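The block underneath contains the structure these notes are about, expressed in structure tokens.
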Amino acid sequence: MTTPKTMSGVHLTHHGGAEALTWREDIPVPVPGPGQVLVRVTAAGVNNTDINTRVGWYSSDVTGATDAVDQEVEAGGWGGALQFPRIQGGDLCGIVEAVGPENAFRPGQRVTCPINLPRPRPGHPTGFIALGSEIDGAFAQFCLVEAGDLYDVSVSPLSDIEIAAIPCAFGTAENLLARAGVTSGQTVLITGASGGVGLAAVQLAALRGATVWGVTSPAKAEVVKSQGAVDTFDRDAALPSDKFDVVIDVVGGSAWPGLILALKPGGHYAVSGAIAGPIVQADLRDIYLRDITIHGCTHQAFEVFGRLVEMINAGRIKPLVSKTYPLSDIAEAQADFQSKAFPGKLVLIP
């Protein structure tokens, strides 16, 4: 079958609300060069990252929560200013359509890739770019990816929709757990536990043999426990002090001081998000007198996603997908995502 010259997809034309997303049916299909792969997208997950980038939340000028951004920003992407129009979409599952020279992939293979694409360089060993931010992503019928960033998931028992729910949520969660050194027998607290990253962290921490608690709303407590948590705390409740070996946080905001106090002396706090707000108040004595280690986690070493792919292909992990949408309904999907009405993941179908 001949690859078409144009494709449908969603252009992000500027930072802003849903009006910044433009449905197009005349986007040129990229042609793979040496070491590149053209992937026909079969499913693409919805993430905080895509919404944060759309509204410009990553700008240092923004100090509030994602849903409170009401200002114009210029450099609102992970790496600063974006080039518009940009095709977003950091969660990819698809089928190899065509390959460029010097390539081990072949048409027909099912593939996925991380949203964080490591690009170490001299003086910056943790350098990276992001799919859907610095380069075009999965919110279109086709996506151009470097072969070295792709992983074959043809043998996985998971569906395309389930695999598309994994890269950002499970990649972020596995990175957080790895950086914090979560091991069997530890006690772990996970904030935002009913969201994509939170539920993934609950599942992955339980697989590591940890005893897991989640912070969520009472309405979603049973969902969190079904993924491996022994119990939950209401997000508005005070947390016990000196209880946890590790805190995994994607929420931030005003509850942050209580998360530090919930750690045992010598505990580890790992953060990879701040949906409730990036500006927090800290008493440094609660950190240095109690020997707390703080891990900021974005860069992912290659082995992090490699471990996930092994679990994907073995069917050892399974994301919770609450709803799917046609890609053309992206504005509705992102609005539903921000409403927090659904646990787990929402997925778009091109």
Handout entry: One residue from SER272, SER194 being under 19 Å from ARG179 (Cα atoms) and buried (at least 18 other Cβ atoms within 10 Å of the Cβ)
Key = SER272
Practice task
Write out, first by first residue and then by second, each pair whose Cβ atoms fall under 6 Å of each other, whose residues are 6+ apart or on separate chains, and whose first residue, in segment 1-30, is under 19 Å from ASN52 (Cβ atoms) and touching a residue at least 12 places away in the same chain (Cβ under 8 Å) while the second is in a strand (DSSP E or B) and of a type in the set (S, T, N, Q).
Solution key: HIS11/THR22; THR13/THR22
Exercise for the section: Scan segment 117-135 residue by residue and report those that are open to solvent by 10 Å² or more (accessible area, probe 1.4 Å) and under 28 Å from GLU25 (Cα atoms). Expected result: ILE129, GLU134, ILE135
Practice task
Starting from residues that are aliphatic (A, V, I, L, M) and open to solvent by 30 Å² or more (accessible area, probe 1.4 Å), keep the ones in segment 47-85 and report whichever is modelled with the highest pLDDT.
Solution key: ALA81
Exercise for the section: Could you please let me know if GLY90 is open to solvent by 20 Å² or more (accessible area, probe 1.4 Å) and either modelled with pLDDT of 90 or more or part of a helix (DSSP H, G or I) (or both)? Expected result: no
Problem - The lone exception for VAL215 - which of (1) touching a residue at least 12 places away in the same chain (Cβ under 8 Å); (2) aliphatic (A, V, I, L, M); (3) within 28 Å of LYS323 (Cβ to Cβ); (4) part of a helix (DSSP H, G or I) it fails - result: (4)
Handout entry: Residue tally, condition crowded, with 21+ Cβ neighbours inside 10 Å and either at pLDDT below 95 or closer than 10 Å to ARG40 by Cα (or both), over segment 99-114
Key = 1
Problem - Cβ-Cβ under 7 Å pairs, at least 6 apart or on other chains, segment 284-306 side within 13 Å of LEU263 (Cα to Cα), far side open to solvent by 50 Å² or more (accessible area, probe 1.4 Å) - result: ASP286/LEU261; ARG290/PRO265; ASP291/PRO265; THR293/HIS268
Practice task
Select from segment 136-157 the residues that are out of contact with any Cys (no Cβ under 9 Å at 6 or more places or on another chain) and aliphatic (A, V, I, L, M) and write down the one among them that is surrounded by the fewest Cβ atoms within 10 Å (Cβ to Cβ).
Solution key: VAL155
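The values are calculated or read from the model by the stated rules, or taken from the named source; none is laboratory data. Here the structure is a predicted model, which is why all the values come from computation and not from measurement. Reconstructed Cβ throughout: ideal geometry from the backbone, glycine too, with neighbour counts over all protein chains shown. Calculation scope for accessible area: heavy atoms of the full protein, side chains included, ligands and nucleic acids excluded. Shrake-Rupley method; radii C 1.70, N 1.55, O 1.52, S 1.80 Å.
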